[in-house]
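Working notes, beginning with the structure itself.
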Amino acid sequence: MSELGQSLPNLDLLGLRDRIASGDLGLAEVAEAFIEAVCERNPALNAVIRFDGGWVREQARVLESRRRAGESLPLLGVPFTVKDTLWVQNRIATQGSQLFAEFVAPEDAVSVQRLKRAGALILGHSNSSEFACKGVTTNKLYGPTRNPWNTEMTPGGSSGGAAAAVSAGLGAFALCTDGGGSTRRPAAHTGVVGFKPSCGLIPHPTGFKEPLFGNGVIGLMTRRVADLEPLLSVLGGPDSYDADTPEGLQRDDDAAFDIRGARIAFSPRFGLDVPVDPEQLDATRAVAEALEHAGAIVEARDPVWPEGAGEAAFATLQFAGLAALHGEAFRQDAGQFDPDIAAQIEKGLGLSGADVARAYFDRAELYRAMAHLFAHCDAVLTPTTPCTAWPHRELGPATIAGVPVSPRGHAVFTPIINHSFHAAISVPCGIASNGLPMGAQIIVPRYRDARALKLAQVVEQAFGAPFARPKWPAA
């Protein structure tokens, strides 16, 4: 690889943006460096799909013309990937499904449109599990994505392509989605920052119909917490076509939030009866100690959940959504779906209206439980996941901390936050003895997103930033 091909992918978003803005780096140079990085590193990972270096070069030429015309471009030339569930106008987007193998997006997703206007450079789409409804990133169209820290392992899902790309330096950030932890868990498994904004912070009215009943949001992955701020300034704000972001919605950005005296609820199992790997528990305790050292008041406190709370109680909505969208295609040919997705659709076809209504009632109870918890604290600290990554050929780990678990046993701490519409961030917090990264999750009340970033920056500083990258060539 060339010198720039080796060095530029190691820069964080702010560092790369500033070098481009100063004129130290030309847009053609940036494009060539990242094209080279994708061609060199992606074959071992399968993170970026349908890669087209010519299209990247053409974008760079257009951006150069816009710069010379004097446009204000706050993200000029900053390269990123887009999850394959999101539309980029005139480009194929598949949701990882054979049903959409040749679908060409008629317009941009609002988030893509805003990033384009800001001058960001799209490297390509990142791989996703089918319909973003699976905790590992594999599908019948493109196969599995592998973890840069150990290519026998998964980066998680459903935004595993995005996570592997950011971790490996294939883009300064990734635009993805989070409907149950799909941004946060892969970020934890690959040693990057993963942010799930409050529902409504970033509009998402345009694109594929999603089977998540309002739980899905646009997510972001970066190398450093500070890289999120310029992205949110571009992506945030209402859209008249999105009911969750009405005009005039008032948000408190928590500008005056001070970590000194902040009340942090440390909840290592999030009030659930679930196993957690001892190393992950120790790492999350170390995060609590870092926050306490910075002046926060950290107390052990668990939410009190309604009976039966947990991911299984709310999977009903996902199953029903998949059945509504793809049930007819399933009846015609179940073999065209990923086997796990086919099983979810089949479950959804067996649900009643009363089953779905009960899930909505349960979601309201869960929101109230979170509201009660936030009456006693300013933020909640949990592990992002109860374990590190597992082999990519498996749906999930067979055991956690020596205890047998279901294939979704790795996903217990994130979906609740989607159902309650709060904001949460996963920040790297160490490397386990197996050589794989771990992450801690900080949860804050809805529209207190800036609070999450401030707390995460404290953690980042305590654990060293930017976090280590995996060594190349990949194992």
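Quick notes on this structure:
To keep it simple, each residue is scored yes or no on (1) of a type in the set (G, A, S); (2) part of a helix (DSSP H, G or I); (3) touching an Asp or Glu at 6+ places or on another chain (Cβ under 8 Å).
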site: L4; (1), (2), (3): no, yes, yes
site: R19; (1), (2), (3): no, yes, no
site: V62; (1), (2), (3): no, yes, no
site: P74; (1), (2), (3): no, no, no
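- Some residue of the stretch 174-182 being surrounded by fewer than 24 Cβ atoms within 10 Å (Cβ to Cβ), hydrophobic (A, V, I, L, M, F, W, C) and more than 19 Å from R41 (Cβ to Cβ): no
- Test: residue in the stretch 263-274 that is exposed (fewer than 14 other Cβ atoms within 10 Å of the Cβ) and under 22 Å from I416 (Cα atoms): yes
- Residue list for the stretch 50-60, filter: assigned to a helix (DSSP H, G or I), in contact (Cβ under 8 Å) with a residue 40 or more places away in the chain and touching a helix residue (DSSP H, G or I) at 6+ places or on another chain (Cβ under 7 Å): V56, A60
- A342 meets the stated requirement of being hydrophobic (A, V, I, L, M, F, W, C) and either over 20 Å from N215 (Cα atoms) or in contact with a strand residue (DSSP E or B) (Cβ under 8 Å, 6 or more places away or on another chain) (or both).
- Count - residues of the stretch 121-136 that are of a type outside the set (D, E, K, R), in contact (Cβ under 8 Å) with a residue 60 or more places away in the chain and assigned to a loop (DSSP other than H, G, I, E, B): 5
Residue-wise test of (1) closer than 27 Å to N147 by Cβ; (2) in contact (Cβ under 8 Å) with a residue 60 or more places away in the chain; (3) surrounded by 16 or more Cβ atoms within 10 Å (Cβ to Cβ).
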residue: L11; (1), (2), (3): yes, yes, yes
residue: E29; (1), (2), (3): no, no, yes
residue: A33; (1), (2), (3): yes, no, yes
residue: A37; (1), (2), (3): yes, yes, yes
residue: V48; (1), (2), (3): yes, yes, yes
residue: L76; (1), (2), (3): no, no, yes
residue: K83; (1), (2), (3): yes, yes, yes
residue: L86; (1), (2), (3): yes, yes, yes
residue: T94; (1), (2), (3): yes, no, yes
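- Residue-level analysis places P437 outside the set of residues that are crowded, with 20+ Cβ neighbours inside 10 Å, modelled with pLDDT under 95, within 26 Å of P391 (Cα to Cα) and not assigned by TED's automatic domain parsing to the domain that holds N215.
- The residues of the stretch 349-373 that are aliphatic (A, V, I, L, M) and without any contact (Cβ under 8 Å) to a residue 60 or more places away in the chain, listed by number, are L349, L351, A354, V356, A357, A359, A364, A371.
- Residue count for the stretch 120-135, restricted to those that are under 21 Å from G53 (Cα atoms) and either among the hydroxyl-bearing types (S, T, Y) or surrounded by fewer than 24 Cβ atoms within 10 Å (Cβ to Cβ) (or both): 3
- Residue match in the stretch 248-264 (condition: free of Cβ contacts under 8 Å to residues at least 60 places away in the same chain, under 21 Å from the mean Cα position of the chain (by Cα), outside the structural domain of A359 (by TED's automatic domain parsing) and farther than 30 Å from G308 by Cα): no
- Against the conditions (1) at positive phi; (2) surrounded by 23 or more Cβ atoms within 10 Å (Cβ to Cβ), G237 satisfies every one except (2).
- Scanning the stretch 97-116 for any residue that is buried (at least 24 other Cβ atoms within 10 Å of the Cβ) and in a loop (DSSP other than H, G, I, E, B) turns up at least one such residue.
- Screening T154 against (1) in contact with a Pro (Cβ under 9 Å, 6 or more places away or on another chain); (2) within 25 Å of I35 (Cβ to Cβ) leaves a single unmet condition, (2).
- Subset of the stretch 275-297 [surrounded by 14 or more Cβ atoms within 10 Å (Cβ to Cβ) and among the small types (G, A, S)]: A283, A286, A288, A290, A294, A296
- When A163 is tested against the conditions (1) in a loop (DSSP other than H, G, I, E, B); (2) in contact with a helix residue (DSSP H, G or I) (Cβ under 9 Å, 6 or more places away or on another chain), the lone failure is (1).
- Within the stretch 354-396, tally of residues that are surrounded by 15 or more Cβ atoms within 10 Å (Cβ to Cβ), of a type in the set (A, V, I, L, M) and within 21 Å of R448 (Cα to Cα): 7
- Residue in the stretch 169-185 that is over 18 Å from the mean Cα position of the chain (by Cα) and farther than 18 Å from T81 by Cα present: no
- Yes/no for V30 being within 20 Å of S167 (Cβ to Cβ) and of a type in the set (A, V, I, L, M, F, W, C): yes
- Taking the criterion of being β-branched (V, I, T) and under 13 Å from P155 (Cα atoms), no residue of the stretch 391-411 qualifies.
- Test set (1) touching a residue at least 60 places away in the same chain (Cβ under 8 Å); (2) surrounded by 20 or more Cβ atoms within 10 Å (Cβ to Cβ) - L63 fails condition number: (1)
- Of all the criteria given as (1) within 22 Å of V136 (Cβ to Cβ); (2) buried (at least 17 other Cβ atoms within 10 Å of the Cβ), the one not satisfied by P339 is (2).
- The set of residues in the stretch 356-380 being over 24 Å from the mean Cα position of the chain (by Cα) and among the acidic types (D, E) consists of D362, E365.
- V458 of a type outside the set (G, A, S), touching a Leu at 6+ places or on another chain (Cβ under 9 Å) and in contact (Cβ under 8 Å) with a residue 24 or more places away in the chain: yes
The values are calculated or read from the model by the stated rules, or taken from the named source; none is laboratory data. Everything numeric here is computed off the predicted structure, so don't read it as measured data. Positions of Cβ are backbone-derived with ideal geometry, glycine not excepted, and every protein chain shown enters the neighbour counts.
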